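Colleague: Have a look at this one.
The values are calculated or read from the model by the stated rules, or taken from the named source; none is laboratory data. Quantities reported herein were computed from a predicted structural model and do not represent experimental measurements. Quick reminder, even Gly has a Cβ in these numbers, built from the backbone with ideal geometry, and neighbours come from all protein chains shown. With ligands, DNA and RNA removed, areas are computed over all heavy atoms of the protein, side chains included. Shrake-Rupley method; radii C 1.70, N 1.55, O 1.52, S 1.80 Å.
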Amino acid sequence: MSHTASPANGQTASDVAGHIVLIAPLSGPVVLLADVPDPVFSGGMFGDGIGVDPLEGKLVAPCDGVVTHIARTGHAATIVTAEGAEVLLHIGIDTVALNGKGFAPMVEQGAQVRAGDVLIEFDQDIVACSAPSLVSVIAIANSDAFEIIERSSTGGTLKAGETPLLVLRARDGAAAVIARGASAVTEEARRQVTLTHAGGLHARPAARVREAARGFDARVEVRFNGRKAPVESVVGLLGLGAGEGATVEILGLGAQAAAAVEAVANELLREAHGEHEEKPARQISPAPQAFGVAATDATTSAVAGASGVASTSAAAASNAAASALAPNTLAGVCAAPGVAVGKLVRWDDADIVPPEQADGTPASESRRLDKAIAAVDAELNSTVRDASQRGAVGAAGIFTVHRVLLEDPTLVDAARDLISLGKSAGFAWREAIRAQIAVLADVEDALLAERAADLRDISKRVLRALGLANTTARELPDEAVLAADEFTPSDLSSLDRTRVTALVMARGGATSHASIIARQLGLPALVAMGDALHLIAEDTQVVVDATNGRLEYAPSARDVERARNECRRLAGVRETNRRASHQVAATSDGRGIEVASNIATLDDAKTAVDNGADAVGLLRTELLFIHRQAAPTVDEHRQSYQAIVDALAGRTAIIRTLDVGADKEVDYLTLPPEPNPALGLRGIRLAQVRPDLLEDQLRGLLAVQPVGAVRILLPMVTDAGELVRLRRRIDELAREAGRAERVEVGVMIEVPSAALLADQLAQHADFLSIGTNDLTQYTLAMDRCQPDLAAQADGLHPAVLRLVDATVRGAQKHGKWVGVCGALAGDPLAVPLLVGLGVTELSVDPPSVPAIKARVRKLDYQQCRQRAQDALALDSAQAVRTASRAHWPLD
Ligand code: PEP
Ligand code: MG
């Protein structure tokens, strides 16, 4: 290579043609990038570059620039040149695992260095003995903006600081970017401050100090007791262990160093002069805490009948109209009705164990982590906003600190280091947090110990946002009321149902899948309770009145007695309904309504039969295989469905083909990331990318005996074209399987287009089944899992009812029947209206069958017809609910 570096005069970064020459940062033979023994590098995932097998333990700067990153563990550094090229220098393979052993960084993050300056010294023996390889990598992290136009050839031996190694050129159109922090250092400032306020440099002042330094063209760090931390890292600042009375040094470098140091010092002194953090209570127990307490109106709250089946959205409506709650009470949205008394058990406190190795590339894992952090940040932002609006300063403070921790560079960089080594985003994040908790554990300060709890909290939030759940089996007390941010279907499928009396969630919606499962389990459940739920201490006694959307913590003995009496009364009503549950249901004027069950497992099928279900109206097959690591084979499909059909003892089963995507994920299927998964490849659309999954399932379904016991239901159909293609394929597969009879195929009506085109669909379908959960979501444009919208995402909205009406009219043109399998079918206020609109099948969760049959028997069909038409003219879901309650009071 022709370019000659001249490190001595520090002019190496670019030549006249705008090329950037990098000199060898290590001495030793060149290794081609493709030969670096780590696919992360050899695959170019870190960008284009070159390897060196080092013969000396010294890494020098390959160019002038700013050190924008020095790994916490000292094994890697990034330098950004004045032109904006980002040069990553990574010593050895898997060396992050050495946790700093053998590495001695010689410069600090943010330092301006010249080509040839020593960046890191390392002990070759230690590293060679502990790491898989010493081969080191020089990669251009922004290879999209800079290309390597020349590189040292193999064969020769490089001399660190002398031999030219790579020549870079900005790609056409790529603007030369001066990297963050690359401004020339023109000033240095120092100042000492003694922390006189209680608690010393704990989280709140740390967060304020960080804010104070923002916007200055300077890098500021705080030093104490031989330790130092960049001011933007709250975790680092906490790790200094600078308690009350400590004297810290503030050091600034950069054009505005003096001003930045001044601002930081003032902030610390301001804290010292009495503007202390009022320490927020972390838990509600047993004293009431005015945080997160939504309100409800006693006059609108009596929405559930003695039937034991409440309107899931009715409680939501009552919350929306809320005004004031009793003390010690939190409001939520009813996801499954009922009343329960028990001890609060924080389900989220169990450890989540993420897989260590990543499925995807480091780049995709990094993106997943970014996405999860952004989601948690948005969640916390709205919590802080709500708390501030209510004047709950303490709570707002806690969650503000959590937001700051979430973007802490110490944590995020450590996680990225691990991701670059092939670890999964969840594992990397958890390990980064653990390392910081260990640092805090060494600092003797009670307030800092509390920060460890904050770190654990954000760790869990991010892991949950990554879709990970706690799978550890837990010892539960009798009468456990399980509390979680939001249960996942897999959490609930492994619950000990004999000990759990209720489920309460900070997030979620009444039609989210956790709610559906809660109803299937017959457990009272509340969702969308907000973060206040997390402040109730473990073991606190609570009364859950899910029907009316309320949770009372630390109740009086009288309240507990009253709740237990209500439980008994409801049990009596359930018993009466149960005795008649095995008879078919018809209105008083003789219109027969099939009351079927929604199920997800073989156990559910048995419960459905025990509860008197006439049939299975919806088998959600994705939940049947949720724990699996590989897609089920044809035979596994067949066996699972056969077992369910056998358990139904002659009743028919409507089996829905796989409906994964959006809020339903299965382990064995990694779907391509989508910006808007609810509008993406879900339901039947999945066949566009994985036709094999659908084919295997259909083959399994078509092999079930006796022929005719199974009807196939297709989810998320948009129009007749899709249906006709699938119908044709099903008929072909049936012929291949030697089936002479035609299999019945139905269509889910869950998107407005399907409801509007119901007549076209009914021409080719044997029946239509309305999925009101999704139909409501897509009609009202309200995410079914968005807790803030849980009260408004009500299936009794007249717009949704008009689509139900359109569906029935469309089906009637071709003499086809219409059922409802969304949650609305199990809502006692909705039942008369659905029957009145012409629906002839209601498919509900197994425990609801007896009560829904009892409800149907009390109706007059002709009256329902008239009143349903009137309801279509109303202007809100609440108006519909009020009218329904007036015409058909709940028991
Ligand atoms: C629905 O959308 O109403 C439905 C029954 O399907 P799922 O809840 O499984 O999406
Ligand atoms: Mg659906």
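Colleague: Normalise the Cα radius of gyration of segment 780-840 by 2.2 N^0.38 Å (N = residues in it) and let me know the number.
Modeller: Its radius of gyration relative to the 2.2 N^0.38 Å reference: 1.20.
Colleague: Follow-up question, since we're still on this one. Arg558 to Ser588: FRET efficiency via 1/(1 + (r/R0)^6), r the Cβ-Cβ distance, R0 35 Å, to the nearest 0.05?
Modeller: Approximately 0.30, to the nearest 0.05.
Colleague: For segment 637-784, what is the per residue volume of the convex hull drawn over the alpha-carbon atoms, in cubic angstrom?
Modeller: Enclosed volume per residue, from the Cα hull, is 116 Å³.
Colleague: Separate question: Excluding residues on the same chain fewer than 8 positions from Lys606, give the lysines whose Cα lies under 22 Å from its Cα.
Modeller: Those lysines meeting the cut-off are Lys853.
Colleague: Got a sec? What order do Glu486, Glu356 fall in by accessible area at 1.4 Å, biggest, i.e. largest, first?
Modeller: Solvent-accessible surface, decreasing: Glu356, Glu486.
Colleague: Per-residue counts of other Cβ atoms within 10 Å, averaged by peptide: what ranking do you get for 797-809, 228-240, highest first?
Modeller: Top of the packing list down: 228-240, 797-809.
Colleague: Excluding residues on the same chain fewer than 8 positions from Lys423, give the lysines whose Cα lies under 19 Å from its Cα.
Modeller: Partners found: Lys371, Lys460.
Colleague: So, one more: In what sequence, highest mean first, do 573-580, 688-695 appear when ranked by Cβ atoms within 10 angstrom?
Modeller: Top of the packing list down: 573-580, 688-695.
Colleague: May I pose another question? Among residues other than Thr776 whose Cβ falls under 11 Å from its Cβ, what is the net charge (Lys/Arg +1, Asp/Glu -1)?
Modeller: -3
Colleague: For q = 0.14 Å⁻¹, what log10 I(q)/I(0) does segment 93-176 give under the Debye formula with an equal point scatterer on each alpha carbon and no solvent?
Modeller: -0.71
Colleague: Okay, moving on. Classify segment 38-130 as rounded, prolate or oblate from the Cα gyration tensor: take a ≥ b ≥ c as the square roots of its eigenvalues, call it rounded if a/c is under 1.5, otherwise prolate when a/b beats b/c and oblate if not.
Modeller: oblate
Colleague: Could you order His887, His90 so the one with the most accessible surface comes first? Probe is 1.4 Å.
Modeller: Highest to lowest solvent-accessible surface, that is His887, His90.
Colleague: Under 1.5 on a/c is rounded, so check that first for segment 556-641, then, if it is not, pick prolate when a/b is larger than b/c and oblate when it is not; a ≥ b ≥ c are the square roots of the alpha carbon gyration tensor eigenvalues. Kindly include the intermediate steps, with their values, before the conclusion.
Modeller: On the way: a/c = 3.67, a/b = 1.45, b/c = 2.53.
Verdict is oblate for segment 556-641.
Colleague: Further, regarding this structure: Could you sort Tyr778, Tyr553 by accessible area so the largest value comes first, with the probe set to 1.4 Å?
Modeller: Descending order: Tyr778, Tyr553.
Colleague: Return the lysines within reach of Lys101: Cα separation strictly under 18 angstrom, same-chain partners fewer than 8 residues apart disregarded; answer none if there are no such residues.
Modeller: Lys58
Colleague: Still on this structure, I have one more. Report, as a whole number in µm² per second, the diffusion coefficient that Stokes-Einstein gives for segment 214-258 at 37 °C and 0.692 mPa s using the Kirkwood radius over alpha carbon pairs.
Modeller: 301
Colleague: Which residues does the label zone of Glu695 cover in segment 730-772, counting backbone N under 19 Å from a point 7 Å along Cα→Cβ?
Modeller: Of the residues in segment 730-772, 730-739 have backbone N under 19 Å from the label point off Glu695.
Colleague: How big is segment 488-566 by Rg and Dmax over its Cα atoms, in Å?
Modeller: Considering segment 488-566 through its Cα atoms, Rg and Dmax are 12.8, 36 Å.
Colleague: How much length would be gained if the chain were fully extended between Tyr668 and Arg579, taking 0.36 nm per residue of separation minus their Cα-Cα distance, in nm to one decimal?
Modeller: 27.8 nm is the gain from fully extending Tyr668 to Arg579.
Colleague: While we're looking at this one, here's another question. May I ask for the Rg/Rh ratio of segment 90-133, computed from Cα atoms with Rh as the Kirkwood radius, given to two decimals?
Modeller: Values: Rg = 11.6 Å, Rh = 11.4 Å.
Ratio value, two decimals: 1.02.
Colleague: For segment 722-763, just the Cα set please: Rg and Dmax, both in angstrom.
Modeller: Cα-based Rg and Dmax for segment 722-763 come out at 12.3, 37 Å.
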